[in-house]
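**Student:** I'd like to ask some things about the structure below.
The values are calculated or read from the model by the stated rules, or taken from the named source; none is laboratory data. Please read all numbers here as calculations on a predicted model, not as lab measurements. Glycine also receives a Cβ, built like all others from the backbone with ideal geometry; neighbour counts cover every protein chain displayed. Accessible surface is based on the protein model in full, side chains and every heavy atom, while ligands, DNA and RNA are left aside. Shrake-Rupley method; radii C 1.70, N 1.55, O 1.52, S 1.80 Å.
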Amino acid sequence: MKREIIQTLDGSTTIHLGEWDECYHSKHGAIQEAQHVFIKNGLSLFENKHISILEIGFGTGLNAFITFLEAKKLNQTIDYVGVEAYPISADEVLSMNYVEELNAITESSIFKTMHESNWEEKSNLSTDFSLTKRKQFFEAIDDIEKFDLIYFDAFGYRVQPELWSTEIFDSMYKALKPNSVLVTYAARGVVKRSMIEVGFTVEKLAGPPGKREMFRARKK
Ligand SMILES: C[S@@+](CC[C@H](N)C(=O)[O-])C[C@H]1O[C@@H](n2cnc3c(N)ncnc32)[C@H](O)[C@@H]1O
């Protein structure tokens, strides 16, 4: 599939898939979307805590990198697991402008290490943040009560409806510990119904710039 790097409206880059006309992030602003959906409505609920995060779709590493930066401000220690079946290329990594756009030049080596670290191995990026990248299909996830927070960032229902099914959300529910949270940029009724069917309580929240709504799901 043809892939091109494009700039989103907040100046940050993303990857656009030609055949699907689908992007890795919101065209309205990749960084703004990540900050709103995953940090403000997810990570920030766990201030001053040690938590494990599962990311569905490691992709460009933007969510992982922002989480690394924000976790310091929120006084958190993080075990981060990013699942991804189709890693981006080294050239694509170099084309992403997140370090500059996030004013994180002093942490640029962290973004690089995130991409260069070995798959299936836990890498301690600092004393407060470990990253484990798992090269795996989402359909094969079978963790049990391991995570406090899931960033559900698959491509949209329009192009991959099978990833928004009750089967997938059931595996997400099982992967979460009690008193945990899943956040996603999506806000379709069919997605909400699948989440509720497997046991989640679902809240509709205001979306990031350019999107009216998003979901946050809780496991009691
Ligand atoms: C919306 S993008 C993720 C963006 C990412 N969170 C970021 O910050 O750049 C969705 C990701 O899911 C991956 N993917 C698509 N289908 C998959 C599958 N069945 N199993 C695992 N990964 C898949 C894609 O390669 C892509 O990286």
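**Student:** Are any residues in region 55-72 open to solvent by 20 Å² or more (accessible area, probe 1.4 Å) and in contact with a Ser or Thr (Cβ under 9 Å, 6 or more places away or on another chain), and if so, which ones?
**Tutor:** Taking region 55-72 and keeping what is open to solvent by 20 Å² or more (accessible area, probe 1.4 Å), we get 69-70, 72.
Across region 55-72, the qualifying residues are Glu70, Lys72.
**Student:** Then there's this: I'd like to know if region 119-138 contains one or more residues that are on the phi < 0 side of the Ramachandran plot and assigned to a helix (DSSP H, G or I).
**Tutor:** Within region 119-138, one or more residues are on the phi < 0 side of the Ramachandran plot and assigned to a helix (DSSP H, G or I).
The rows are residues; the columns are (1) closer than 23 Å to Asn124 by Cα; (2) not in a loop (DSSP other than H, G, I, E, B).
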residue: Phe38; (1), (2): yes, yes
residue: Ile66; (1), (2): yes, yes
residue: Leu69; (1), (2): yes, yes
residue: Ile78; (1), (2): yes, yes
residue: Ile88; (1), (2): yes, no
residue: Asp91; (1), (2): no, yes
residue: Leu94; (1), (2): yes, yes
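**Student:** Which of the following residues is open to solvent by less than 10 Å² (accessible area, probe 1.4 Å) and more than 10 Å from the ligand (Cβ to nearest atom): Gly18, Gly42?
**Tutor:** Gly42
**Student:** Within region 119-139, is even one residue in contact with a Lys or Arg (Cβ under 7 Å, 6 or more places away or on another chain), among the aromatic types (Phe, Trp, Tyr) and open to solvent by 30 Å² or more (accessible area, probe 1.4 Å)?
**Tutor:** Yes, region 119-139 contains a residue that is in contact with a Lys or Arg (Cβ under 7 Å, 6 or more places away or on another chain), among the aromatic types (Phe, Trp, Tyr) and open to solvent by 30 Å² or more (accessible area, probe 1.4 Å).
**Student:** Quick check on Thr184: is it closer than 21 Å to Tyr80 by Cβ, touching a helix residue (DSSP H, G or I) at 6+ places or on another chain (Cβ under 8 Å) and open to solvent by less than 40 Å² (accessible area, probe 1.4 Å)?
**Tutor:** Yes.
**Student:** Can you go through Ala64, Ala34 and tell me which one is small (Gly, Ala, Ser), free of Cβ contacts under 8 Å to residues at least 40 places away in the same chain, closer than 22 Å to Leu149 by Cα and within 12 Å of the ligand (Cβ to nearest atom)?
**Tutor:** Ala34
**Student:** Another question about this same structure. Answer with yes or no whether Glu145 is within 16 Å of the ligand (Cβ to nearest atom) and among the acidic types (Asp, Glu).
**Tutor:** Criteria not met by Glu145.
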